[in-house]
Amino acid sequence: MDPVRIGLIGCGTISGAYLRAAATFEILHFAGCADIDASAAQRTEERFGVPAMSVDDLLGRDDVEVILNLTIPAAHGAVNRAAIEAGKHAYCEKPFGLDVAEGQRVLEAADAAGLRVGCAPDTFLGGGHQTVRGLIDAGAVGTPVAATAFMMGPGHEAWHPNPAFYYQSGGGPLFDMGPYYLTALVHALGPVRRVAAITTRGRETRVIGSAPRRGEPIDVEVDTHTAGTLEFDSGVVATVVMSFDVRLHSNRFIEIHGVDASLSAPDPNGFGGTVRVSSGREWKDRELTHGYTDNMRSIGLADMCVGIRTGRDHRCNGRLAHHILEIMAAFGRSSAEGRHIELLSRPDRPAPLPGGLANGELD
């Protein structure tokens, strides 16, 4: 297949992970990069050999087919729409938008233009969670009935050099880390029917503990502890807790419990990890049945580009990302309104990857 020419907008920290992993996939060719900070684009050119240019020049290039949108969350929707208006497919970092209406506008614009939209996370395409999917589909736990997901820590201000945006709209533990956990659950169990939740925040201000802004206070504008219950279309009930208000805990990342056995899944913010199953009193490690266990933050983009060339659906698609966005928005609505929130979107489960793929292969 001819490589798909990619234009990168947003040359921040995560762009390096994408560009390093992209070398694995021959379908990807980066034709240019841009950032509102021109010096960031220039550094990307110097480091990775991707030509730097302005955002307008990049969007105006006829030979660019896909825009990889790695901007801050507040810009995701606007940059996605700009890409579509320029006649290009769009693939963005999570979250898909700041609110459900914004995500819906992107989907409608793409549909009207006959273009594709994709969105991270793509970690569920890694060997860890592809193995989980294979075990669930093969009946290793019997009919799933319950699940748990926990992401709890003290927050990012202790180590991140510029952590303020984690406590602004589009941040917080749910919008920052929730997409990894919720996407893994929907991939394994199917779409969510309704959500009930309570959200809160432990502090109104936080103090940066890392250089160069050590000691500077930052306002907390979003809730930093969210606890919710999800009911899936399949009838599975999941408990989900996302928090930046917990110093230490001993809960597993994700567990899925069926009528015959329980399954312990690895960190959904990674591509590998350990998968365990128990039908008794002890966990037993299961061999990973799929590859891609290294950091492959571009596999979702590559999968979309294969879809562009072959006509098949891509796995990290806009419908899935919009469903995850609707779930996250429902946490806040449920807490504020004191009721279950029925979800409107119903994406298909992404197709599993075939086992035994060689390095760089997708199907």
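The values are calculated or read from the model by the stated rules, or taken from the named source; none is laboratory data. Predicted model, so just to flag it, every value in this text is computed and none were measured. Don't worry about glycine lacking a Cβ; one is built from the backbone with ideal geometry, like all the others, and counts go over all protein chains shown. Keep in mind that these areas ignore ligands, DNA and RNA; they rest on the heavy atoms of the full protein, side chains included. Shrake-Rupley method; radii C 1.70, N 1.55, O 1.52, S 1.80 Å.
Relative to one another, the C-alpha centroids of the range 244-286 and the range 297-363 are positioned 22 Å apart. Given their separation in residues at 0.36 nm each and the Cα-Cα distance between them, E204 and D294 gain 28.6 nm when the chain is fully extended. A crude spin-label estimate for the pair Q42 and E221, with each label 7 Å from Cα along the Cβ direction, gives 3.0 nm. Residue order by solvent-accessible surface for S169, S335 is S169, S335, largest first, with ligands and nucleic acids left out and a 1.4 Å probe. Only beta bridges with both residues in the range 105-250 are counted; by DSSP, about 70 percent of them are antiparallel. Rounded to the nearest 20 debye, the dipole magnitude of the range 150-231 is 120 debye, with +1 charges on Lys and Arg beta carbons, -1 on Asp and Glu beta carbons, and the Cα centre as origin. At 222 nm, what value in deg cm²/dmol follows for the chain if DSSP H runs of at least 4 each add -39500 (n - 2.57) and the sum is divided by all its residues, to the nearest 500? Helices in the chain give a 222 nm mean residue ellipticity of -9500 deg cm²/dmol. Figure legend: label point modelled 7 angstrom from the Cα of A351 along Cα→Cβ; residues of the range 294-325 with amide N under 12 Å from it are 304, 306-308, 310-316. Beta bridges assigned by DSSP with both partners in the chain are antiparallel in approximately 60 percent of cases.
Note: relative contact order over the range 24-117, using C-alpha pairs below 8 Å and six or more positions apart, is 20 percent. Of the accessible area of the range 148-214, computed with a 1.4 Å probe over protein heavy atoms only, carbon and sulfur atoms account for 58 percent.
For the chain, the equivalent ellipsoid built from the Cα gyration tensor has semi-axes of 31, 26, 20 Å, listed from largest to smallest. Taken one residue at a time, the phi angles of the range 285-302 give Karplus couplings (6.51, -1.76, 1.60, θ = phi - 60°) of 5, 10, 5, 5, 9, 10, x, 6, 9, 7, 5, 10, 6, 4, 5, x, 5, 4 Hz. Gly and Pro are set to x. Shape index of the range 1-140: Rg/Rh, with Rg the Cα radius of gyration and Rh the Kirkwood radius from the inverse mean 1/r over Cα pairs, equals 1.01. Solvent-accessible surface (1.4 Å probe) assigned to H340 amounts to roughly 90 Å².
Quick one: among L230, L19, L344, which has the greatest mean-square fluctuation in a GNM of the chain with alpha-carbon springs under 10 angstrom? Of L230, L19, L344, the most mobile in the Gaussian network model is L344. Computed over protein heavy atoms with a 1.4 Å probe, the accessible surface of the chain works out to 42 Å² per residue.
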